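Trainee: First the structure, then my questions, so here it is.
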Amino acid sequence: MAKTFECSHGGVVCGAKIEGETEEEVLAKAIEHAKKVHGVDLTQSQTLARYAQSLIHEKR
Ligand SMILES: [Zn+2]
């Protein structure tokens, strides 16, 4: 089942929608996106990484 992550759900003013087949794939893309676009390295913080992971939902 496809998973999706929306930046805006994290309280960020950003229209990015990240999709992938698995949670791991979406998280990896989200980490890359956050680093490139927002200058935030999610891997530097367990809290941030876990928070980002909690924002991943099943695509409807
Ligand atoms: Zn974003």
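The values are calculated or read from the model by the stated rules, or taken from the named source; none is laboratory data. Bear in mind the structure is a predicted one, so any value in this text is a computation, not a measurement. Cβ atoms come from the backbone with ideal geometry, glycine included; neighbour counts cover every protein chain shown. Accessible surface areas use protein heavy atoms only, side chains included; no ligands, DNA or RNA. Shrake-Rupley method; radii C 1.70, N 1.55, O 1.52, S 1.80 Å.
Trainee: Mind checking the dipole of the range 3-58: about its Cα centre, +1 per Lys or Arg Cβ, -1 per Asp or Glu Cβ, Debye to the nearest 20?
Mentor: 260 debye
Trainee: If you count only protein heavy atoms with a 1.4 Å probe, what accessible area per residue comes out for the chain, rounded to a whole Å²?
Mentor: That works out to 69 Å² for each residue.
Trainee: Separate question: Tell me, what is the FRET efficiency for LYS59 and GLU32 to the nearest 0.05, using R0 = 30 angstrom and their Cβ-Cβ distance as r?
Mentor: 0.95
Trainee: By a straight-distance test (C-alpha under 15 Å), which aspartates and glutamates pair with LYS29 as possible cross-link partners, with residues fewer than eight away in the same chain excluded?
Mentor: Once the sequence-local aspartates and glutamates are set aside, what remains near LYS29 is GLU6, GLU19, GLU21, ASP41.
Trainee: How would you order 51-57, 37-43 from highest to lowest mean count of nearby Cβ atoms within 10 Å?
Mentor: Top of the packing list down: 51-57, 37-43.
Trainee: Related question: For the range 3-58, what's the radius of gyration and Dmax over Cα atoms, in angstrom?
Mentor: So, for the range 3-58, Rg and Dmax equal 9.9, 26 Å respectively.
Trainee: How high is the FRET efficiency between TYR51 and ALA2 when r is their beta carbon distance and R₀ equals 35 Å, given to the nearest 0.05?
Mentor: About 0.95, to the nearest 0.05.
Trainee: For the range 32-60 and the range 1-31, compute the distance between their C-alpha centroids and round to whole Å.
Mentor: Cα centres, the range 32-60 to the range 1-31: 8 Å.
Trainee: Got a number for carbon plus sulfur as a percent of the chain's accessible area, 1.4 Å probe?
Mentor: 52 percent
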